[in-house]
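Visitor: Here it is: the structure, laid out below.
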Amino acid sequence: MQFNSTILGIESSCDDTSSAIIKNGKIKANIISSQDVHRKYGGVVPELASRAHQANIIPVIDQTLKQSETAVEDLDAIAVTQGPGLMGSLIVGFNTAKGLSLSLNKPLIGVNHLQAHVSALYIEHEVVFPMICLLVSGGHTQLLLVEDHFNYKIIGNTIDDAIGEAFDKGAKLLGLGYPGGPQISKFAVLGEPRFTFPDAKTKDLDFSFSGIKTSLLYFLKKELEKDSGFVQNNLNDICASYQHSLIEMTAKRLIKSIQENSPKSISLVGGVSANLLLRKITQEIGMKNNLPVYIPSVQYCTDNAGMIAMAGSLLFEKGEFLSLDSLPFTRS
Ligand code: KG4
Ligand code: ZN
């Protein structure tokens, strides 16, 4: 698709403060400031996230404009995550974008964070539609049937936790840091998946990840009663097994969605798509089904404003702008 616009993208829905510049569909800068303050709490603390966004947002935007050599007068619009996310976090980015829009007299574009994860694909790929997209993040796990750049429908969804949450909660049970996904995968590459954690029964293409976290909890309790050094002595294998089970549960539903919908391509997006095993297995599924596979490079998988700027470029083409009395939303 051809674009003819310069857009500033702003993302602050959770614990990453990010801004990006996209010019005619090409990313010129994508600055991400991740918040370390949550690490010691084993999860995101909303109040601390809002405060850190408040401190970071102007320096991040400033750096983005400088790095991309963009003057504010050159911007055609300001695109910002409107939701879903944490309200206190969203407000910081949203109100900053509103202020810029008002003072610079540039249109404001509201971006859905999930649609932006899908739009991350269009930064580096010319996509063939219809496409099945597996969206895996800290807040969502969905299978999407993407009809074109603007339209998709949800054909599978989690009925409880998201896969990223299962990684994060599993890591917490194992005494590993936050975010848990990168921690678990780091130990998993050194181990063998010799323990099994059962899949949940769900209907159609739905996912469920709350049971596997509980089965990890009971498994650890039982083994620790027999041997108090069990976790330390078997950490690599436990991580490999837990990761393997999570990915197998996800891959099974991706395969089923391909069989049921006969897409022309498949893709993987969202923070958990940074996982190397999931990337490899998705590539293999594409190969077996003779379908092209699109996966963003890692900087566009976890939360970033590059994907917001790309989604903004699409909405700019459509002329879809927000009025200044619009509000952020927390749920999709
Ligand atoms: O998309 P994202 O940055 O934020 C949300 O929109 O939720 O996703 C964050 C999630 C976290 O749960 C984190 O543990 C997970 O992505 N994650 C990973 C990896 N890198 C990040 N999960 C598994 N393996 C990874 N390498
Ligand atoms: Zn996200």
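The values are calculated or read from the model by the stated rules, or taken from the named source; none is laboratory data. Bear in mind that the values here come from a model prediction, so they are computed numbers and not experimental data. When we count neighbours, we look across all protein chains shown, and the Cβ atoms used for this are built from the backbone with ideal geometry, even at glycine.
Visitor: Here are some residues: SER332, SER241, SER323. Which one is modelled with pLDDT under 95 and either away from ligand 2 (no atom under 16 Å from the Cβ) or not basic (Lys, Arg) (or both)?
Guide: After applying the criteria, what remains is SER332.
Visitor: Take the range 236-249 and flag every residue that is surrounded by fewer than 20 Cβ atoms within 10 Å (Cβ to Cβ) and closer than 24 Å to SER273 by Cβ. Give the steps one after another, and end with the answer.
Guide: Of the residues in the range 236-249, the ones surrounded by fewer than 20 Cβ atoms within 10 Å (Cβ to Cβ) are 236-237, 248.
Hits for the range 236-249 are ASN236, GLU248.
Visitor: SER215 passes all but one of (1) among the small types (Gly, Ala, Ser); (2) closer than 20 Å to LEU277 by Cβ; (3) within 24 Å of the chain's Cα centre (by Cα); (4) surrounded by fewer than 20 Cβ atoms within 10 Å (Cβ to Cβ); which number fails?
Guide: (3)
Visitor: Filter the range 34-86 for residues that are part of a loop (DSSP other than H, G, I, E, B), of a type outside the set (Ser, Thr, Tyr) and either assigned by TED's automatic domain parsing to the domain that holds GLY180 or out of contact with any helix residue (DSSP H, G or I) (no Cβ under 9 Å at 6 or more places or on another chain) (or both) and give the result.
Guide: Hit for the range 34-86 is GLU69, nothing else.
Visitor: From the list ILE61, ILE57, ILE123, ILE78, which one is more than 17 Å from MET307 (Cβ to Cβ) and away from ligand 2 (no atom under 14 Å from the Cβ)? Explain how you work it out, then say what you get.
Guide: On the way: ILE61 fails: more than 17 Å from MET307 (Cβ to Cβ); ILE123 fails: more than 17 Å from MET307 (Cβ to Cβ); ILE78 fails: more than 17 Å from MET307 (Cβ to Cβ).
The unique qualifying residue is ILE57.
Visitor: Only one residue in GLY270, GLY312 is under 15 Å from the mean Cα position of the chain (by Cα), buried (at least 18 other Cβ atoms within 10 Å of the Cβ) and within 25 Å of ILE31 (Cα to Cα). Which one?
Guide: Details: GLY312 fails: under 15 Å from the mean Cα position of the chain (by Cα).
When all the criteria are applied, what remains is GLY270.
Visitor: Suppose we keep only residues that are assigned to a loop (DSSP other than H, G, I, E, B) and within 16 Å of ligand 1 (Cβ to nearest atom) within the range 273-297. Which one would you say is surrounded by the fewest Cβ atoms within 10 Å (Cβ to Cβ)? Full working, then the answer.
Guide: We begin by selecting, within the range 273-297, every residue assigned to a loop (DSSP other than H, G, I, E, B); these are 275, 289-292, 295-297.
If we keep only those that are within 16 Å of ligand 1 (Cβ to nearest atom) too, we end up with 275, 295-297.
Details: ASN275: 27, ILE295: 23, PRO296: 26, SER297: 10.
Checked the range 273-297; the qualifying residue surrounded by the fewest Cβ atoms within 10 Å (Cβ to Cβ) is SER297.
Visitor: Of all residues in the range 175-190 being away from ligand 2 (no atom under 16 Å from the Cβ) and surrounded by 19 or more Cβ atoms within 10 Å (Cβ to Cβ), which is farthest from LYS280 (Cα to Cα)?
Guide: Only one residue tops the list, namely LEU176.
Visitor: Here's another thing I want to ask about it. Does at least one position in the range 255-273 carry a residue that is away from ligand 2 (no atom under 16 Å from the Cβ) and under 20 Å from ARG194 (Cβ atoms)? Explain how you work it out, then say what you get.
Guide: Start the filter on the range 255-273 by keeping residues that are away from ligand 2 (no atom under 16 Å from the Cβ), which leaves 255-266.
Next cut, under 20 Å from ARG194 (Cβ atoms) only: none.
No, the range 255-273 contains no residue that is away from ligand 2 (no atom under 16 Å from the Cβ) and under 20 Å from ARG194 (Cβ atoms).
Visitor: Does the range 221-242 include one or more residues that are closer than 30 Å to MET1 by Cβ and basic (Lys, Arg)? Lay out the reasoning, then the answer.
Guide: Initial filter on the range 221-242 (closer than 30 Å to MET1 by Cβ): none.
Scanning the range 221-242 turns up no residue that is closer than 30 Å to MET1 by Cβ and basic (Lys, Arg).
Visitor: Additional query: Look through ALA171, ALA200 and report the one residue that is modelled with pLDDT under 95, assigned by TED's automatic domain parsing to the domain that holds HIS140 and away from ligand 2 (no atom under 16 Å from the Cβ).
Guide: Step by step, each of ALA171, ALA200 is checked, and only ALA200 is modelled with pLDDT under 95, assigned by TED's automatic domain parsing to the domain that holds HIS140 and away from ligand 2 (no atom under 16 Å from the Cβ).
Visitor: Here's a follow-up. When you check SER185 against the structure, is it under 26 Å from VAL37 (Cα atoms), of a type in the set (Ser, Thr, Tyr) and not assigned by TED's automatic domain parsing to the domain that holds TYR41, yes or no?
Guide: Yes, satisfied.
Visitor: Another question, if that's okay. Pairs, please: C-beta under 6 Å, at least 6 apart or cross-chain, first residue on the phi < 0 side of the Ramachandran plot and in the range 175-202, second more than 8 Å from ligand 1 (Cβ to nearest atom) and acidic (Asp, Glu)?
Guide: As it stands, the answer is GLY191/ASP237; GLU192/ASP237; ARG194/ASP237, since those pairs meet every condition given.
Visitor: Let me ask something additional. For SER241, state whether it is of a type in the set (Ser, Thr, Tyr), in the same structural domain as GLY286 (by TED's automatic domain parsing) and not in a strand (DSSP E or B).
Guide: When the stated conditions are applied, SER241 passes them.
Visitor: Can you spot a residue in the range 207-223 that is assigned by TED's automatic domain parsing to the domain that holds LEU134, more than 28 Å from VAL44 (Cβ to Cβ) and in a helix (DSSP H, G or I)?
Guide: Checking the range 207-223: at least one residue is assigned by TED's automatic domain parsing to the domain that holds LEU134, more than 28 Å from VAL44 (Cβ to Cβ) and in a helix (DSSP H, G or I).
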